[in-house]
1. Of all residues in segment 187-219, which are within 25 Å of the chain's Cα centre (by Cα), closer than 21 Å to Val252 by Cβ and among the hydrophobic types (A, V, I, L, M, F, W, C)?
2. Given the residues Arg316, Arg324, which is the only one that is modelled with pLDDT of 95 or more and buried (at least 21 other Cβ atoms within 10 Å of the Cβ)?
3. Return the pairs, sorted by first residue and then second, in which the second residue is of a type in the set (S, T, N, Q), the first residue lies in segment 373-385 and is surrounded by fewer than 14 Cβ atoms within 10 Å (Cβ to Cβ), the beta carbons are less than 9 Å apart, and the residues are 6+ apart or on different chains.
4. Specify which of the listed residues (Gly140, Gly118, Gly124) is buried (at least 20 other Cβ atoms within 10 Å of the Cβ), at pLDDT 95 or above and touching a Gly at 6+ places or on another chain (Cβ under 9 Å).
5. Does Arg71 qualify as being at positive phi and basic (Lys, Arg)?
6. Could you check Arg82 against (1) within 23 Å of Asp146 (Cα to Cα); (2) more than 18 Å from the chain's Cα centre (by Cα); (3) not small (Gly, Ala, Ser) and say which number it fails?
7. Tell me yes or no: at least one residue of segment 68-84 is of a type in the set (Lys, Arg) and either assigned by TED's automatic domain parsing to the domain that holds Glu141 or modelled with pLDDT under 95 (or both).
8. So for segment 346-360 (the condition being free of Cβ contacts under 8 Å to residues at least 24 places away in the same chain, polar (S, T, N, Q) and surrounded by fewer than 21 Cβ atoms within 10 Å (Cβ to Cβ)), does at least one residue qualify?
Amino acid sequence: MGRSTNWAGNVTFNAQRLFRPTSVEQLQHLVAGSPRIRAVGTGHSFNRIADTSEDLVSLDGLASGIELAGRGSTVTVGAGTRYAELAQWLYAEGLALPNLGSLPHISVGGACATGTHGSGNGNGNLATVVSAVEMVTADGEVVVLDRDTDAAVFGGAVVGLGSLGIVTRLTLDTIRSFDVAQYVYDDMPQEQLTTDLSTILSSAYSVSVFTDWRLPRIRQVWLKRRIDSGGPWPAEPRWLGATLADGPRHPVAGMSAGVCTEQQGVVGPWHERLPHFRHAFPPRGGSELQSEYHVSRTDAADALAALRPIRDDIARVLHISEIRSCAADDLWMSPNYRRDTVSIHFTWVNDADAVSRVLRMIEPRLQPYGARPHWGKLFCMEPEVVRAQYERSSDFEKLLADYDPNGKFRNAFIDAHFPRQ
């Protein structure tokens, strides 16, 4: 095949072949006969976590086969299904997922495998609703792991980094559908992140703080308020020093707000408000890079303050930075493992060298706060530093050895972070 790239174009995969099986049986045959194979998802990772020296497999050719189970309390879906498709299907059934990421265009399997998340103090990352995982293991067999019957290993398999097998289907917990009203506030004073961060992050069902680090003011705060009863929240014209936006906003200055989900308190269904961007406008690749670090919610204000002395260096290579919150979970390799977290996200210009220089300034400042990088984004931390942040790392390494003893699903990224025992 011609060399393929990830969504951003900053990674050219080393794989020799790219396959798109149209049945699980074809996938089983591919996996059994391949010396090295990885699933590529929607290619929205910014590092080499999905790379391999031999075969890449895309699951977008497999039927999504969305099915309700457990009297509607769960839904089973193909791993290659994008959240936009799943969300629309669930909404038609009067159901919902508790949360969504900022982009509805990413695949369910890829997002769960890397611990991708939305926002909200009470909301876990997207993998926390997974109750069962179906995957093709190294010998080509189909294996199903269930949250209850396989409790001893399930916490290591959900955020599995694509390294236990090729995940084909996932079963997700659902809730009843709900509505959301979204408001944006402009120009919050920078010092509010120190004095009122807890208040800000707890002020709505889902909250996102956007800053460009260029001025002593926060560009925007997005509040997504869940509407379970009564009418929309009566938004205050002024709130914590910020001003209610007088029109729709895009997080990045100069970009059209037309691609963003509806704001200004207009009530709409969960799947049309929780993401930042409309599913009808797929993001264009190649114009950005991304990094993200998770710190304990109790340390977040101090961690953000630690970055302020280098804010000019950050701003020079930044499109926008987003601060969000996520609830703790028990998934071994989740960045939110056993601690409520705040994530500090950076959307960078597409200049890998310049971004790398800034990351090497950021990471030492965040390391005292136990920062865990997003598995699918750019970071420079040494593997042993990352591994030390996860108390179940050795258990995960053993799980990899049990399910993939010959390293079929391994690559350089996995070998570096989880050496063979």
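1. Here is the first cut: in segment 187-219, the ones within 25 Å of the chain's Cα centre (by Cα) are 193, 197-213, 218-219.
Those left that are additionally closer than 21 Å to Val252 by Cβ: 193, 200, 206-213, 218-219.
Those that are within 25 Å of the chain's Cα centre (by Cα), closer than 21 Å to Val252 by Cβ and among the hydrophobic types (A, V, I, L, M, F, W, C): Leu193, Ile200, Val207, Val209, Phe210, Trp213, Ile218.
2. Exactly one residue qualifies, and that residue is Arg324.
3. none
4. After ruling out the rest, the residue left standing is Gly118.
5. Here the answer is yes, as Arg71 does meet what is asked.
6. Every condition holds for Arg82 apart from (2).
7. yes
8. Looking through segment 346-360, none of the residues is free of Cβ contacts under 8 Å to residues at least 24 places away in the same chain, polar (S, T, N, Q) and surrounded by fewer than 21 Cβ atoms within 10 Å (Cβ to Cβ).
The values are calculated or read from the model by the stated rules, or taken from the named source; none is laboratory data. Note that the structure is predicted; figures quoted are calculated from it, not measured. FYI the Cβ positions are ideal-geometry reconstructions off the backbone, even for glycines, and counts take in every protein chain you see.
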